[in-house]
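Novice: First the structure, which I've put down as structure tokens, then a few questions once you've had a look.
Just so it is clear, none of the values below were taken in a lab; they were calculated from the coordinates. Remember, it's a predicted structure, so these values are computed and weren't measured experimentally. Note: ideal-geometry Cβ built from the backbone for every residue, glycine included; neighbour counts use all protein chains shown.
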Amino acid sequence: MATLADIMTKDVFTAAPDTPVSEVADSMVRGRFGSALVMRSSMLVGILTERDVLRAAASGTDLTTSRTGDWMTSDPETVESGTDSEEAAQLMLSKGFRHLPVVDGNECVGIVSLRDVLGVRIGRK
């Protein structure tokens with residue numbers, strides 16, 4: 001079975017917590033990213049997903065002034081790059097999320113999606 005180091009996306013999309021949600025959402029659409037890792041300097045502080053953007057939009061708040069840090073999932077669950085893809089799939093399915101930051105020590109080294117790990121399972125990666 002593949003490890004996350006084999007299948008993760010290493011070039012991740014990041015944003016600062018004070019970036020307006022509208023700006024991050026625009027970049028997510030243009031780059032076809034399902035999530036943004038929210039970083040404070042080199043430290044992972046959160047993740048903003050498509051679902052978070054929808055939640056913000058549905059609230060009626062002005063997304064041009066609303067900060068990413070107000071809508072992100074703080075202190076997201078992470079896994080190490082040596083984690084087996086099957087274990088990551090089970091974690092994401094049991095916890096109900098589709099994007100999982102990959103870290104080695106304190107360094108964020110990538111991200112893996114549910115699509116990535118399920119692709120390995122059915123032989124598409």
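Novice: What distance in nm separates the two pseudo spin-label positions at L114 and E77, each 7 Å out from Cα along the beta-carbon direction?
Specialist: That separation, rounded to one decimal, is 1.1 nm.
Novice: Here is a further query. Going highest first, how would you order 52-63, 106-117 by mean Cβ packing within 10 Å?
Specialist: Highest mean packing first, the order is 106-117, 52-63.
Novice: Figure the gain on full extension for R55 and D26 (residue separation times 0.36 nm, minus the Cα-Cα span) and round it to one decimal in nm. Don't skip to the answer; put the middle values down first.
Specialist: On the way: separation 29, 0.36 × 29 = 10.44 nm, distance 1.55 nm.
Once the chain is fully extended between R55 and D26, it gains 8.9 nm.
Novice: Report the calculated FRET efficiency for K95 and T65 (r = Cβ-Cβ distance, R0 = 22 Å), to the nearest 0.05. Mind dumping the intermediate values first?
Specialist: Details: r = 31 Å, r/R0 = 1.40.
So the FRET efficiency works out to roughly 0.10.
Novice: Lys and Arg at +1, Asp and Glu at -1: add these up for the other residues within a Cβ distance under 15 Å of V53 and post the number.
Specialist: On the way: positive: R30, R32, R51, R55, R67, R98; negative: E23, D26, E50, D52, D62, D70.
Every neighbour counted, the sum reads 0.
Novice: Now a separate question. How charged is the neighbourhood of S94? Take every other residue with its Cβ under 14 Å from the Cβ of S94, and add Lys/Arg as +1 and Asp/Glu as -1.
Specialist: Values: positive: K95, R98; negative: E77, E86, E87.
Around S94, the surrounding residues sum to -1.
Novice: Ok, one more. When the Karplus curve 6.51 cos²θ - 1.76 cosθ + 1.60 is applied with θ = phi - 60°, which whole-Hz ³J(HN,Hα) does each residue of the range 23-33 get, with x for Gly and Pro?
Specialist: 5, 5, 4, 4, 5, 5, 5, 4, x, 6, 9
Novice: Count charges around V109 for me, please; just the other residues with Cβ under 12 Å from its Cβ, Lys/Arg as +1, Asp/Glu as -1. Walk me through the numbers before you get to the answer.
Specialist: Working: positive: K10; negative: D11, E80, D104, E107.
With Lys, Arg at +1 and Asp, Glu at -1, the net is -3.
Novice: Under the rule of -39500 (n - 2.57) per DSSP H run of 4 or more residues, summed and divided by the residues of the chain, what mean residue ellipticity at 222 nm is obtained, to the nearest 500 deg cm²/dmol?
Specialist: Working: 6 runs with 47 residues, N = 125.
So the helix-based figure for the chain works out to -10000 deg cm²/dmol.
Novice: Let me ask something additional. Set Lys and Arg Cβ to +1 and Asp and Glu Cβ to -1, take the dipole of the range 4-121 about its Cα centre, and tell me which of G105, G69, S42 lies farthest positive.
Specialist: The listed residue farthest towards the positive side: G69.
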